[in-house]
1. Restricting attention to segment 19-35, and to residues there that are closer than 20 Å to GLU138 by Cα and either touching a helix residue (DSSP H, G or I) at 6+ places or on another chain (Cβ under 6 Å) or part of a helix (DSSP H, G or I) (or both), which single residue is modelled with the lowest pLDDT?
2. Does segment 160-179 contain at least one residue that is out of contact with any helix residue (DSSP H, G or I) (no Cβ under 7 Å at 6 or more places or on another chain), surrounded by 17 or more Cβ atoms within 10 Å (Cβ to Cβ) and at pLDDT 90 or above?
3. Tell me which residues, restricted to segment 36-54, are surrounded by 18 or more Cβ atoms within 10 Å (Cβ to Cβ) and either modelled with pLDDT under 95 or of a type in the set (D, E, K, R) (or both).
Amino acid sequence: MTGDCIVARRIILINHLRVCDRMQRKTHFTLDEAERILSKVKRLLAKLHTLKAQINFLAEEKEAPVQLTEPFSEDEIYRFAFAQEIKINRELHKHTYEFFKTLDLMNELGCVVKELDEGLVDFPYKLNGRDVCLCWKEGEDRISHWHELETGYSGRKPILDLDDLMNPKDSQVRRKPKVREKLV
């Protein structure tokens, strides 16, 4: 199994558990709160990308056969290969630990990494008493979309739609309309 598959499976399982836990604790963001931590989310996401690339590289290195250019005895080749494998495993475990530690920091912030390769991050939000998510994609300057829990990224809608749906009695802090002209 490649490092990519291992990391992807762990991310899916861990994030599913985190979404469930966060929703059970009923902790939700306002739009302003989510945007205040966005710069930190961007830095942590960049670190996750770097760590994932390092993990994948090391996983490929681990699978690569040992190539020696000079004639060595079988015993020397075995000892060299074994030492290399230990070195790679140490680095692989260190980077994997750092990856999940960084993912934990994202969780502590309260957001959920939905898709690392696409850079999708959700922020639980309460809309008229129901749970939805504010949705940010890497490369976007600010949080400009939201979606129902069931629809995910494919059901993203502009924040302006959220403003139209919001109950005036809802306690969420909204961004002033002047910062949002027209979203497509």
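1. From segment 19-35, those closer than 20 Å to GLU138 by Cα are 19, 29-35; that's our starting set.
Applying the additional criterion that residues be either touching a helix residue (DSSP H, G or I) at 6+ places or on another chain (Cβ under 6 Å) or part of a helix (DSSP H, G or I) (or both) yields 19, 31-35.
Numbers: VAL19: 55, LEU31: 92, ASP32: 91, GLU33: 93, ALA34: 94, GLU35: 93.
The residue in question is VAL19.
2. No, there is no match, as no residue in segment 160-179 is out of contact with any helix residue (DSSP H, G or I) (no Cβ under 7 Å at 6 or more places or on another chain), surrounded by 17 or more Cβ atoms within 10 Å (Cβ to Cβ) and at pLDDT 90 or above.
3. LYS52
The values are calculated or read from the model by the stated rules, or taken from the named source; none is laboratory data. In this text the structure is predicted, and so the values were computed from the model without any measurement. Positions of Cβ are backbone-derived with ideal geometry, glycine not excepted, and every protein chain shown enters the neighbour counts.
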